[in-house]
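Enquirer: Dropping the structure in here first, questions after.
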Amino acid sequence: MMEVLKKFVRQPLVINQLQFSLEQSQLIDQALYLNNLTTERSIDRDNGTLDYCRLHDITVQAWSPLQYGFFKGCFVDSPEFPELNSVLGEIGEKYGVSKTAVAIAWILRHPAKMQAIAGTMNPSHLRDICDASKAELTHNEWYRLYLASGKHLP
Ligand SMILES: NC(=O)c1ccc[n+]([C@@H]2O[C@H](COP(=O)([O-])OP(=O)(O)OC[C@H]3O[C@@H](n4cnc5c(N)ncnc54)[C@H](OP(=O)(O)O)[C@@H]3O)[C@@H](O)[C@H]2O)c1
């Protein structure tokens with residue numbers, strides 16, 4: 001699709017906005033579950049879009065970085081996600097930032113160097129989100145958060 005679009009527009013394609021968050025991580029799930037028949041997470045729902053963007057230096061912008069479901073609500077501090085919030089809180093304490101900042105830091109830590117698009121209109125929430133730059137997660141923390149969001153690793 002992106003090659004087709006490129007053929008018909010003059011502008012270079014430099015950004016692609018895709019849904020991505022700890023709770024909506026299908027953009028990367030398929031690679032982690034590749035060739036695994038026991039879970040539907042192995043289904044490729046993106047036709048290699050992330051790999052294409054990385055190969056062509058197209059920056060992925062993650063929309064709804066704090067929402068679960070399509071637009072169901074914010075998973076930070078939601079009682080529906082106790083394990084995830086517990087790990088977000090623990091890692092946030094280490095870096096001196098909020099759970100929200102850690103959830104955004106998880107997106108920024110991906111090697112694709114994604115950007116997060118925040119939807120909040122609340123200045124204090126926006127400040128929390130900006131604090132994500134203060135927390136460069138370790139690999140261990142990154143995978144702990146992935147597991148705490150209800151997935152498993154092969
Ligand atoms: N290209 C596309 O297809 C596409 C699709 C969807 C969205 N987008 C873009 O992505 C942007 C973001 O989407 P979104 O609004 O769904 O994303 P979001 O930033 O993940 O979600 C916003 C929700 O999180 C809450 N929130 C943010 N910070 C919080 C905090 N510190 N503590 C508690 N709650 C917090 C907000 O509540 P408060 O408002 O109370 O802070 C709001 O309910 C949109 O504005 C839109 O421009 C693009």
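Enquirer: Quick one: Lys151 ticks every box in (1) at pLDDT 95 or above; (2) closer than 26 Å to Asn16 by Cβ bar one, so which box is it?
Expert: For Lys151, the exception is condition (1).
Enquirer: Take the residues in segment 73-111 that are of a type in the set (Val, Ile, Thr) and out of contact with any strand residue (DSSP E or B) (no Cβ under 7 Å at 6 or more places or on another chain), then tell me which one is nearest to the ligand (Cβ to nearest atom).
Expert: Let us first name the residues in segment 73-111 that are of a type in the set (Val, Ile, Thr), namely 76, 87, 91, 97, 100, 102, 104, 107.
Those still in the list that are out of contact with any strand residue (DSSP E or B) (no Cβ under 7 Å at 6 or more places or on another chain) too: 76, 87, 91, 97, 100, 102.
Working: Val76: 5, Val87: 17, Ile91: 15, Val97: 11, Thr100: 4, Val102: 11 Å.
So the residue we want is Thr100.
Enquirer: Please enumerate the residues belonging to segment 83-117 that are among the small types (Gly, Ala, Ser) and either under 17 Å from Lys134 (Cα atoms) or at pLDDT below 95 (or both).
Expert: Gly89, Gly92, Gly96, Ser98, Ala101, Ala103, Ala105, Ala116
Enquirer: Across segment 112-144, what is the number of residues that are within 16 Å of the ligand (Cβ to nearest atom) and either more than 15 Å from the chain's Cα centre (by Cα) or under 21 Å from Ser86 (Cβ atoms) (or both)?
Expert: Residues flagged as within 16 Å of the ligand (Cβ to nearest atom) and either more than 15 Å from the chain's Cα centre (by Cα) or under 21 Å from Ser86 (Cβ atoms) (or both) within segment 112-144 amount to 15.
Enquirer: While we're on this one: Report yes if some residue within segment 47-63 is in contact with an Asp or Glu (Cβ under 8 Å, 6 or more places away or on another chain) and either more than 11 Å from the ligand (Cβ to nearest atom) or at pLDDT below 95 (or both); otherwise report no.
Expert: Pass one, segment 47-63, residues in contact with an Asp or Glu (Cβ under 8 Å, 6 or more places away or on another chain): none.
Looking for residues that are in contact with an Asp or Glu (Cβ under 8 Å, 6 or more places away or on another chain) and either more than 11 Å from the ligand (Cβ to nearest atom) or at pLDDT below 95 (or both), one finds none in segment 47-63, hence no.
Enquirer: Could you check segment 92-154 for helices (runs of 4 or more DSSP H) lying wholly inside it with 3 or more residues that are surrounded by fewer than 18 Cβ atoms within 10 Å (Cβ to Cβ), in contact (Cβ under 8 Å) with a residue 60 or more places away in the chain and of a type in the set (A, V, I, L, M, F, W, C)? I'd like the intermediate steps shown before the answer.
Expert: Values: elements: 99-108, 123-130, 139-148.
The helices (runs of 4 or more DSSP H) meeting that bar number zero.
Enquirer: Among (1) crowded, with 20+ Cβ neighbours inside 10 Å; (2) more than 11 Å from the ligand (Cβ to nearest atom); (3) within 30 Å of Met2 (Cα to Cα), which single condition is Ile28 missing?
Expert: For Ile28, the exception is condition (1).
Enquirer: Okay, next question. It is to be established whether one or more residues within segment 81-88 are of a type in the set (Val, Ile, Thr) and not in a loop (DSSP other than H, G, I, E, B). Walk me through how you get there before you give the answer.
Expert: Taking segment 81-88 and keeping what is of a type in the set (Val, Ile, Thr), we get 87.
Going one step further and asking which of them are not in a loop (DSSP other than H, G, I, E, B), we end up with 87.
Yes: one or more hits.
Enquirer: Kindly list, by first and then second residue, each pair from a residue in segment 10-30 that is within 23 Å of Tyr143 (Cα to Cα) to a residue that is small (Gly, Ala, Ser) and part of a strand (DSSP E or B), limited to pairs with Cβ atoms under 7 Å and residues at least 6 apart or on different chains.
Expert: Leu18/Ala62; Phe20/Ala62; Ser21/Ala62
The values are calculated or read from the model by the stated rules, or taken from the named source; none is laboratory data. Because the structure is a prediction, the values reported are computed rather than measured. Quick reminder, even Gly has a Cβ in these numbers, built from the backbone with ideal geometry, and neighbours come from all protein chains shown.
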